[in-house]
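One structure is given here, and the rest of the page talks about it.
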Amino acid sequence: MTMQHDNSERLRVRAEKLFPGGVNSPVRAFRAVGGQPPFVARAEGAYLFDADGNRFIDYFGSWGPMILGHAFPAVVEAVARAARNSASYGASTAAEGDLAERVQAVYPGMERMRFVSSGTEATMSAIRLARAATGRKRIVKFEGCYHGHADGLLVKAGSGVATLGIPGSAGVPEEIAGLTLALPYNDLPAVESAFARFPGEIAGVILEPVVGNAGCIPPGEGYLAGLRRVTAERGALLIVDEVMTGFRLAPGGALELYGIDADLVTLGKILGGGLPCGAFGGKRGYMEMLAPLGPVYQAGTLSGNPLAMAAGCATLDELAARRETIYPQLEATARAVAEGVAEAAQAAGISVTLNRVGSMWTWFFTNGPVTNYEQAAASNTARFGQFHRAMLERGVWLPPSQFEAMFLSVAHGQAEVGATISAARAAFGEMLG
Ligand SMILES: *Cc1c(COP(=O)(O)O)cnc(C)c1O
């Protein structure tokens, strides 16, 4: 069972001389779980292969984008075809309209949209637009929700910020952080109080409609509809950040699954099929405040990049063509593996609370329930770290933090489910022993 790590070890030593902490994004480090991250050489379907030839079942899918599995042939082909025509022009192409129409087909509320190169840019731009549209400065977000690393959004943010146990980020002036109100998730009265306390000052409310970045936390009954009502009553914009949930929970993301609408929606991850891509969009009246039509400036040298557009179109085409089978399959497979592992924990006498919506879920090492960040933070992260290491040794690569969601792909099947549950049984046994 012992794996070879020599090549990854060599690459890590080099990386630590080049990148802070050896990584280009902190969530890739294994500080919260211990051990060293393998360096990936390639991936196919549900599997990652590292630089030493070890194979892992992948449960983070590039943190969400790889819903079709790795190196999906139609995506690879589309990117190769686009690349032969040059990687970028800095001028408009048909591909941008092609992807936008595919987005609009499932997000009809995105009357106008704009492509950017990351989720961070999408949320940052949406907030600028909400402030311009309302002439107000304050923003409401929720504890444990992560919306990228723009200054005003790194307040009680989830994901890597939560993993590293820091309240926000150094380098964000308090004048900027002070404009962000971070409220507990799933607590509508807290939102109503904030509006009462700052009448006419709140430009928008931004949220993850299903939290993924504090681990998976679903919205309570009526919560999303309540936010829609309160924001509309108070003249603030509802910004639904679907960077993680878009195209994953349903073709039209959480908006479709829960039947709500938003003033602005942000997309990323699956939208680019694994290439750097994001988008924000919504009501035409708001979006037409953007330059060159209006006074809100927003731009990007690589926005609407042809390779990203090609990968996005190929991905959304596959999801649309097989929507009747893909989403039920993701649901059934995710249920089997998520519940199978939770049952194995229970059988071993280890407390685990399973939160799952479709193909995203988290096993929280706590008695639960987990309905907000505070409850998630009460999890036994040392236990999670043990579990993570024990699974990795058995060829199952989970996201390296208690405060992240697992993501399944269409390429995960019965074989991977069975292997994962067996690995979990052995891992729990080892943890007790
Ligand atoms: C990943 C994520 C972002 C940030 O996207 P990047 O492409 O990493 O900048 C924003 N919001 C949510 C909900 C995310 O999951």
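Coordinate-derived values only; no laboratory data. In this text the structure is predicted, and so the values were computed from the model without any measurement. All Cβ positions, glycine included, derive from the backbone under ideal geometry; neighbour counts span all protein chains shown.
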Restricting to the stretch 173-185, what's the tally of residues that are in contact (Cβ under 8 Å) with a residue 12 or more places away in the chain, more than 16 Å from the ligand (Cβ to nearest atom) and either more than 21 Å from ALA262 (Cβ to Cβ) or in a loop (DSSP other than H, G, I, E, B) (or both)? 5
Failed condition for GLY215, given (1) touching a helix residue (DSSP H, G or I) at 6+ places or on another chain (Cβ under 6 Å); (2) away from the ligand (no atom under 16 Å from the Cβ); (3) under 30 Å from ARG31 (Cα atoms): (2)
Name every residue in the stretch 193-225 that is loosely packed, with under 15 Cβ neighbours inside 10 Å and among the acidic types (Asp, Glu), in order of residue number. GLU221
Just for the stretch 256-287: of the residues that are within 14 Å of GLN104 (Cα to Cα) and surrounded by fewer than 22 Cβ atoms within 10 Å (Cβ to Cβ), which one is farthest from the ligand (Cβ to nearest atom)? ARG284
Return the residues of the stretch 235-248 that are away from the ligand (no atom under 12 Å from the Cβ) and buried (at least 19 other Cβ atoms within 10 Å of the Cβ); say none if nothing qualifies. ALA236, LEU237, LEU238, PHE247
Boolean, LEU290 is under 25 Å from PRO328 (Cβ atoms) and either in contact (Cβ under 8 Å) with a residue 60 or more places away in the chain or surrounded by fewer than 24 Cβ atoms within 10 Å (Cβ to Cβ) (or both): no
Cβ contacts < 7 Å: first residue at positive phi, restricted to the stretch 196-223; second residue hydroxyl-bearing (Ser, Thr, Tyr), any location; separation 6+ or different chain. Result? GLY215/THR362
Odd one out for CYS145 among (1) in contact (Cβ under 8 Å) with a residue 40 or more places away in the chain; (2) more than 9 Å from the ligand (Cβ to nearest atom): (2)
